[in-house]
Amino acid sequence: MHSGLTYSALVAPFLLASIGASLAMPPTANAVLGAVEPAEVGKASGVNAMVRELGGVLGLAVLVAVFAGSGSYASPAAFVGGFAPAIGLAAAALVAGAVAAAFVPGRPTPRTDGAFAVAEAAVVGRT
């Protein structure tokens, strides 16, 4: 990254980051809401929204602190001096999140005991 970088050169990376973020949120909410009983979905949804917002606020605060410690708005070079480490930290957090997500257990398999087989047969039309 350098101080002469044009905004048009950043459109593709910004677009990619936006698409990635929008593709990550629905599966996260699905995982959270799928892990609770139907009676608890409202609470789980509220907690999920609160944690998402809190994570954004704290994440932004950390990135601003990194920027402020390494750069400033005094000149384009000083801005890049703070922006590069902040974006590097954001990328490292993204990778850490992806690695952590790889170890999240999947949904449990449906029961295959007799009650489940009878219910399945009734739904499919087999008696």
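The values are calculated or read from the model by the stated rules, or taken from the named source; none is laboratory data. Keep in mind that what you see is a predicted model, and the values were worked out from it rather than measured. In this analysis, Cβ positions are derived from the backbone assuming ideal geometry, glycine residues included, and neighbour counts consider all displayed protein chains.
A few points about this structure:
- Tabulated pairs, segment 43-62, first closer than 14 Å to Leu33 by Cα, second surrounded by 10 or more Cβ atoms within 10 Å (Cβ to Cβ), C-beta under 7 angstrom, 6+ apart or interchain: Ala44/Val32; Ala44/Leu33; Ala44/Val36; Ser45/Leu33; Asn48/Ala29; Asn48/Val32
- Hits in segment 1-58 - residues which are surrounded by 11 or more Cβ atoms within 10 Å (Cβ to Cβ) and charged (D, E, K, R): Glu40, Arg52
- Per this entry, Phe67 is not counted among residues that are touching a residue at least 40 places away in the same chain (Cβ under 8 Å), surrounded by 10 or more Cβ atoms within 10 Å (Cβ to Cβ), touching a helix residue (DSSP H, G or I) at 6+ places or on another chain (Cβ under 9 Å) and aromatic (Phe, Trp, Tyr).
- The lone criterion from (1) closer than 22 Å to Leu10 by Cβ; (2) at pLDDT 90 or above left unmet by Ala65 is number (1).
- The residue pairs whose first member lies in segment 86-103 and is closer than 13 Å to Ala24 by Cα, whose second member is modelled with pLDDT of 85 or more, and whose beta carbons are closer than 8 Å, counting only pairs six or more residues apart or on different chains, do not exist in this structure.
- Residue in segment 31-46 that is closer than 19 Å to Leu94 by Cβ and under 20 Å from the mean Cα position of the chain (by Cα) present: yes
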